[in-house]
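Written below as structure tokens is the structure these notes are about.
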Amino acid sequence: MAKDTQSKARGPAVRTGPLMAPAVSLLVLWMIVPLAMTIYFSTLRYSLLQPDAVSFVGISNYIFFFQDPALWTSIVNTLSLVGGVLVASIAIGTLLAVVFYETFPGASIARLLVVAPFFVMPTVAALIWKNLLMHPVNGLFAFFARSLGLPPVDWFSSLPLTSIGIIVTWQWAPFATLILLTAIQSLDREQLEAARMDGARGLTLFYHITLPHLARAIGVVAMIEAIFLLSIFAEILVTTNGGPGSATTTLPYLIYKTALLDFNVGMASTGGIMAVVLANIVGFFLIRTISRNLDS
Amino acid sequence: MVSLKLRDLRKSFGGFEVVKGVSFEVSEGEFVVFVGPSGCGKSTLLRMIAGLEEITAGELLLDGARVNDVAPDRRGLAMVFQSYALYPHMTVEQNMGFALRLAGVGKSERRRKVEQAARILQIENLLNRKPANLSGGQRQRVAIGRAIVRNPKVFLFDEPLSNLDAALRVQMRMELAALHRELKGTMIYVTHDQVEAMTMADRIVVLREGLVEQIGSPLSLYNEPVNLFVAGFIGSPKMNFLPAGLLSRDGGRVELSLSPDVRLTIDDVAETGSAQALTLGVRPDMIHVADHGPLRGQVLLVERLGNETLIHVDAGIGSEPVTVSHQGQYAVSAGEAVGLSIDTRRIHLFSPSGRRVARGLQPTQV
Ligand SMILES: Nc1ncnc2c1ncn2[C@@H]1O[C@H](COP(=O)(O)OP(=O)(O)OP(=O)(O)O)[C@@H](O)[C@H]1O
Ligand SMILES: [Mg+2]
């Protein structure tokens, strides 16, 4: 709209509305139709086991869902996973960015290698970790533990959510590294030297100069990662199937279970709407904290 | 008391020697300027003094103590960078107080020192702003303020005025000179602007390709340049270099020819070797337009600066046109033929190796 009036005010007198209409309507269809259908399904009692017995139930799906402890467990699991991976991947990413900012022999190859996990498919990554690294009998970690005389950790039964968090962090830390490395490279060299002359070194230099410089980029990484992390699914399916119990059942996994294991389309749609709401809440808080950081 | 002493300082970057053995002393309270063409190692030398660049060989003494391996902040120096290098996320006050904060100076003490420096630089009303909201000149002042607050033994400046416009540069030049008088601090200043060097320096160090060519007061460099390089570098417009053939030599007295009908005799000439080709150096203001002057040539270009007129003349001597500086305005245009005469009280003679061998000539006929 604003653009439209602007072009009327300054540019040639061409009506841009009709020109933009196809793109805009496609976008609207793209977003609104699935959302509307999900909302519609979420008000139905609709089970694939009894496809003929579809009936309108209003908000009772929601009431039922809210009373289901599985929902709250899954929301807590989702937030812990997202939060944990965000913190860990940004911390690791910042550390690696600072390390790789220095030039050393083989730095360019090392940079390439550090980014590699990002290009491994989630299912493959999860399987590698599950069978080759974290396996309590055949895994590399178990081997190390045994050679140190320690009892091997059965990762997916004793620390299920943490294990998945580790895998996902392994996948996303390279992304953070990549973005933060680019950001750190734009740090003015004279500014670093001025700080050195002022007596900043090591940690003080990092805390007073590098970190403030990276704040903006960290915000961007957090936002992008949060969007993708909220929908983590393949890693859970391949490793724990949401278990043991519901220890690793996140909201997306709960929706999957409801729809495709319990064949309950109505309830799954309700879960989908919950996921949309959750994503918006997370997004709201993220954007608010980040924009506050950027202003100061 | 000697404040700073450089003893055969050298710096190599991966086998490529950039500073090739520099020695001199800076005494307390002195304003020393490094000049030299781009890439001659001025910044590198300054950064070695600051501690930002490791010293490959040689010794750096500060108040008598060797500081080669002392960290930059422990040397008690402060540096003002060309790009100002202010911390963008800190206010002016935090910028200026950063070093004190890291040194553990208390808040009220810090504030007092920052305000004191701000008063000197007249930026008290900017203390709460961020660098992004300052003009170039104001940023420059903050950068200088950041140095003052630390009360350093030596101030180091690396082309601090090169990002400012011409008018502001003149103003800051005067302010820096005033600041030097007020603080009585030792200052080392890098520039490739010889006007800055001439106006502010107590002593100038002329560098070329990592070596010191000459050290001296601005006027001694201007009046007695030791070689062709310094003669050509100091002074604007540049000194004219005219090839002069050696006709005969009798002890310290030589006879030269500028062109077939222009000859001069010079006394007290140092040993020049057996070479026949010498170089005569004449500053543009020592050549005058004179209708019956011994040199004749065609005007190539006239630059009118109002108070001064620069006339470039092809006099048929050497490959470069001769530059004449005429005080005031002069009615002449390109293409005209003019005669030139040389005022011989201030001319210089250089041997083929570039060394100056005589000045203040006594010509027989010009
Ligand atoms: N970090 C470095 N690695 C390799 N060579 C360098 C480095 N820093 C400077 N040099 C080289 O050292 C020489 C001197 O550089 P320096 O910056 O001291 O010149 P300068 O006299 O300050 O020139 P300018 O007037 O252009 O600033 C140059 O040839 C430059 O290429
Ligand atoms: Mg330089």
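The values are calculated or read from the model by the stated rules, or taken from the named source; none is laboratory data. As the structure is a computational prediction, the values presented were derived from the model and not from experiment. Note that we place each Cβ from the backbone using ideal geometry, even for glycine, and neighbour counts take in every protein chain shown. Areas reflect the complete protein model, heavy atoms only, side chains present, ligands, DNA and RNA absent. Shrake-Rupley method; radii C 1.70, N 1.55, O 1.52, S 1.80 Å.
Residue by residue along B:194-204, Cβ atoms of other protein chains within 10 Å of the local Cβ number 0 on average. Under the shape rule built on the C-alpha gyration tensor, where the axes satisfy a ≥ b ≥ c, the protein assembly as shown is prolate, since a/c reaches at least 1.5 and a/b is greater than b/c. Between A:R189 and A:A215, full extension at 0.36 nm per residue minus the direct alpha carbon distance yields a gain of 7.6 nm.
Roughly speaking, what is the stretch gain from A:V276 to A:M20, that is 0.36 nm per residue apart minus the C-alpha to C-alpha distance, in nm to one decimal?
89.4 nm
Work out which helices of chain A, taken as complete DSSP H runs, extend at least 30 Å along their axis over the Cα atoms and score a mean Kyte-Doolittle of 0.5 or more, then list them. Show your work: numbers first, answer last.
Working: long enough: A:17-42 (36 Å, 1.72); A:69-101 (47 Å, 1.77); A:160-185 (37 Å, 1.31); A:265-295 (44 Å, 1.19).
What comes out of the filter, once short or polar helices are dropped, is A:17-42, A:69-101, A:160-185, A:265-295.
Restricting attention to the range B:35-116, which trypsin sites (Lys or Arg not before Pro) occupy a DSSP loop and are surrounded by at most 11 other Cβ atoms within 10 Å?
Details: sites: B:K42, B:R47, B:R66, B:R74, B:R75, B:R101, B:K107, B:R110, B:R111, B:R112, B:K113; in loops: B:R75.
Qualifying residues, ordered by number: none.
Set the Förster distance to 41 Å, then compute FRET efficiency between A:D154 and B:R74 from the Cβ-Cβ distance, nearest 0.05.
Efficiency computed from Cβ-Cβ geometry: 0.15.
Computed from label points 7 Å out along Cα-Cβ, the spacing between A:F228 and A:V57 is 3.7 nm. Taking 0.36 nm per residue of separation and subtracting the current Cα-Cα distance, fully stretching the chain between A:M37 and A:Q67 would add 8.4 nm. Each residue of the range B:12-19 is assigned a 3J(HN,Hα), and the resulting list reads 10, 9, x, x, 9, 7, 9, 10 Hz, derived from the Karplus form 6.51 cos²θ - 1.76 cosθ + 1.60 (θ = phi - 60°), x at Gly and Pro. Here the calculated FRET efficiency for A:F263 and A:V28, from their Cβ-Cβ distance with R0 = 30 Å, stands at 0.45, rounded to the nearest 0.05. For a straight C-alpha distance cut-off of 14 angstrom, the aspartates and glutamates reachable from A:K130 (same-chain residues fewer than eight places away being disregarded) are A:D154, A:E235. Among the listed pairs B:K11/B:K42; B:K20/B:K42; B:K5/B:K113; B:K11/B:K153, those with a Cα-Cα distance over 18 Å are B:K5/B:K113; B:K11/B:K153.
For the range B:313-327, the Karplus equation 6.51 cos²θ - 1.76 cosθ + 1.60, evaluated at θ = phi - 60°, returns couplings of 10, 8, 9, x, 10, x, 8, 9, x, 8, 9, 10, 10, 10, 5 Hz by residue, with Gly and Pro reported as x. In the context of the full set of protein chains, residues of the range B:4-230 present 42 Å² of accessible surface per residue (probe radius 1.4 Å, heavy atoms only). With the cut-off at 1.5 for a/c, could you classify chain A from its C-alpha gyration tensor as rounded, prolate or oblate? Since a/c reaches 1.5 but b/c is at least a/b, the shape of chain A is classed as oblate. Counted over the protein assembly as shown, the DSSP beta bridges are approximately 80% antiparallel. Computed from phi, the 3J(HN,Hα) profile of the range B:277-284 under the Karplus parametrisation 6.51, -1.76, 1.60 (θ = phi - 60°) reads 9, 10, 10, 9, x, 10, 5, x Hz, with x in place of Gly and Pro.
Measuring heavy-atom accessible area with a 1.4 angstrom probe and counting protein chains only, the residues of the range B:67-89 that give up at least 50 Å² relative to the chain alone are B:D73, B:F81, B:Y87, B:H89.
Computed over neighbours whose Cβ is under 12 Å from that of B:L219, the net charge equals -1, Lys and Arg +1, Asp and Glu -1.
Rounded, prolate or oblate: pick one for the range B:4-230, where a ≥ b ≥ c are the square roots of the eigenvalues of its C-alpha gyration tensor, a/c under 1.5 means rounded, and failing that, prolate if a/b is larger than b/c, else oblate. Could you put the intermediate results ahead of the total?
Working: a/c = 1.92, a/b = 1.44, b/c = 1.34.
Since a/c reaches 1.5 and a/b is larger than b/c, the shape of the range B:4-230 is classed as prolate.
Note on A:A145 and A:F118: with the Förster distance fixed at 35 Å, the Cβ-Cβ geometry gives a FRET efficiency of about 0.80.
Gap in Å between the Cα centre of the range B:308-341 and the Cα centre of the range A:159-197? For the range A:159-197 versus the range B:308-341, the Cα centre distance is 64 Å.
Please report the buried accessible area for the interface of B with A, total over both chains, probe 1.4 Å, in Å² to the nearest 100. Numbers along the way, then the final one.
Values: alone 17150 and 17600 Å², together 32900 Å².
So the total buried area for this chain pair works out to about 1900 Å².
Take the Cα of A:T204, step 7 Å toward its Cβ, do the same at B:D343, and the gap between the two points is 5.8 nm. In summary, the lysines within cross-link reach of B:K107, defined as a Cα separation below 20 angstrom excluding same-chain residues under 8 places away, comprise B:K130.
Label-to-label distance for B:E308 and B:A57 is 4.2 nm, based on points extended 7 Å past Cα in the beta-carbon direction.
What percentage of the solvent-accessible surface of the range A:46-295, computed with a 1.4 Å probe over protein heavy atoms, is contributed by carbon and sulfur atoms?
Numbers: 9140 of 12660 Å².
It is 72 percent, rounded to a whole number.
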